[in-house]
1. What does the C-alpha gyration tensor say about the overall shape of region 121-190? Classify as rounded when a/c is under 1.5, otherwise prolate if a/b is larger than b/c, or oblate.
2. Output the pairs from 207/292; 217/289; 233/292; 165/217 with a Cα-Cα distance over 21 Å in this structure; if there are none, say none.
3. Give me the net charge for the shell around residue 292: Cβ to Cβ below 15 angstrom, other residues only, Lys and Arg +1, Asp and Glu -1.
4. Classify region 45-197 as rounded, prolate or oblate from the Cα gyration tensor: take a ≥ b ≥ c as the square roots of its eigenvalues, call it rounded if a/c is under 1.5, otherwise prolate when a/b beats b/c and oblate if not.
5. For region 133-292, how big is Rg over Rh, using alpha carbon atoms and the Kirkwood form of Rh?
Amino acid sequence: MPIRRVVIGPLDLLVVVRPGSFLDRAWKGLMGLLGRRPPAAAEGVVAPPTSTGDAEADALARRVAEVQWYHTIDLGHGVVTPGAFDHRPHLHQYELPERVDGLRVLDVATFDGFWAFEFERRGAAEVVGIDVARRGDLDLLPAVRARLSQEELDAPVGRGFEVAKEALGSSVRRERLSVYDLSPERVGTFDIVYMGSLLLHLTCPIKALQNVASVTKGYALIAECFHPVVPDKLAHYQGGRQESVWWFFGLECLEEMIRDAGFSRVERHRVFGVPERGDHHLRWHAVFKAYK
């Protein structure tokens, strides 16, 4: 008989079910509830509106419409970017401090800058976001890279960052820097380092974690995707599925990878799902707090 496994919050369950049985039907119903929850819609203007009478809002909405957004960011004037993910309803799950006054913060793989701007809003003295400059700098599947034109490879990553920075009047600084090149010599050290949903996209996640540890002075908040059916100790190799998804991690695997990267203590805090816009399945996340 099949053994089914699910992680719900702090619960980690193994269930043996008979195909077609009540438990099997109940299981499928539960998975439907957990994995097919409709994504939260962003509020505000997400496409060029007919004239609202607010010239500044209309101009901003037009700029927003020219960008393919990963993050959902409220830019003011009733304009909210149509990001693939809306982290705002889940923000409390990520264990960010209420205030970070006077602290230096690094956002790894900042893309459109949602997390960098959030740390700035919470009072950080300085926020630096790093990310690669172009699509070709990502860890793409070789077969995908081979069929992309040079123009496609040179397409900029995170075009929305500058739009959002200007609209928010932000002082966040973005550096064109891969996590593979991250070091104290390049950017210094930070009181808090945030890294979210990046390791699954990397061919060398251990190297990335080691570099994150090298620039962490206080602690790192690492919010990473995991797969609830992958055994805790394992990482399931995906072979660059969907261009650059290389891994499905088990929870204990992630925790040990973080610890082995050079952190003295690692705490697992939250486990929760985040929906992608237009897709009813949840992307499961775990939040770890890693201390130097």
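1. Because a/c hits 1.5 or more and a/b fails to exceed b/c, region 121-190 counts as oblate.
2. Numbers: 207/292 17 Å; 217/289 13 Å; 233/292 23 Å; 165/217 26 Å.
Going by Cα-Cα distance, 233/292; 165/217 fall outside the 21 Å limit.
3. +2
4. Taking the square roots of the gyration eigenvalues as a ≥ b ≥ c, region 45-197 is oblate.
5. Using Cα coordinates only, the ratio equals 0.97.
Since every read-out is calculated from the coordinates, none of them should be taken as a lab result. These numbers were taken from a predicted model, which means no experiment stands behind them. Positions of Cβ are backbone-derived with ideal geometry, glycine not excepted, and every protein chain shown enters the neighbour counts.
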